Structures are given as structure tokens and as C-alpha cells.
1. For Leu151 paired with Lys98, estimate the spin-label separation in nm (one decimal), with each label point 7 Å from Cα along the Cα-to-Cβ line.
2. Under 5 Å between amide hydrogens, which residues at least 5 positions from Thr140 or on another chain qualify, with H placed 1.01 Å from N in the peptide plane?
3. For Tyr101, what residues show an amide H to amide H distance below 5 Å, using hydrogens built from the backbone and excluding near sequence neighbours?
4. Counting only protein heavy atoms and using a 1.4 Å probe, what share of the accessible area of the stretch 42-151 belongs to carbon plus sulfur, as a whole percent?
Amino acid sequence: MTFKFRKQALLLFPVLFLFTFASQRVASAPPLPNPVLYLTSAEYFQQGGKQFVRYHYDVFNKDAYPAEMFAAAPALPPCGSSTKASRTWVDIFDQRGKRLYGFCALGKPSDLGRIWFALEENIIPPSYVYIELNDRQTNTKYKTNLADTTL
């Protein structure tokens, strides 16, 4: 074996070792699934002398998301004046991408079973809505399917 070959092998070994270690670490973290959204109910209510309809939704696979995603995140920007903003924010959009409502302080994955948006009773709702979970710590977004606004 020549000296040049040994030198190259010695230089290459640490690179291969680091590559193997890094690839095993990445492979151990399975990716999270996209959330699956569905309508659970519609509720009529009155506020400020106006009639509204509140559309309640649940995320079928909410248990697939770790609790850490919904922990308080004081190191990240606040939600308005709220200092209890969570790491992951949830926004509700109509099928065209218009934001309808959002949640910035969900405390645990099961809270995804109690998300909603409201419209005045005389406003025709969009045919479909979807949500995005925005993990602000990892800068990752999880987008759902389109879900009906009628039961």
C-alpha cells in the first residue's frame, strides 16, 4: 500500500464515519403525517345582536403529533399581546386560501379536536376549508385535506 493511498484512506475514514452517524440519526425521526380534518358540528349563536354559525372541526390523527409542538414558546414571537403563544399555530383557510381564523395558544394535540371558525348567519360559507399547522420552531407547515362545511 502506498503512502498516498494510506493518506487518502485516513482522510476519508472520518468523513464516512460522520456520514454514517448523521444518516442513522435522521432516519430515526419519522416524518409526521399531514393532519386529516373533518367537520363535527355547526352551532348557531348570537353575539352583539347578530346571528352567527360556528363550524366545529376535529383532526382525526391529532394523536400523531407530539405534545412538544404545542408547548408554550416564550422564545418565539408572541401572538399579539399574548405571552402564552404555543410553538405551533393553527390557521383555517377557505379552499381559495383566504384565512378565516386562527389559533395561537393550543396547549396540547387534543386541542386540535376543538378548532372552529364562525361566520354571520346570512353569509354563505365556503364549500371547503383546510388548516395549516405552522411549527414555528422548525419552520415546518402541515396542511390538511379539504373538509366540507356541511354535515
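The values are calculated or read from the model by the stated rules, or taken from the named source; none is laboratory data. Note that the structure is predicted; figures quoted are calculated from it, not measured. For neighbour counting, all protein chains shown are included, and Cβ atoms are generated from backbone atoms with ideal geometry for every residue, glycine included. The protein model used for the area step is the full one, side chains on, heavy atoms only, and it has no ligands, DNA or RNA in it. Shrake-Rupley method; radii C 1.70, N 1.55, O 1.52, S 1.80 Å.
1. For Leu151 paired with Lys98, the spin-label model returns 2.6 nm.
2. Close amide H contacts, sequence-distant or interchain: Asp135.
3. When sequence neighbours closer than 5 places are left aside, the close amide H contacts are Ile92.
4. 51 percent
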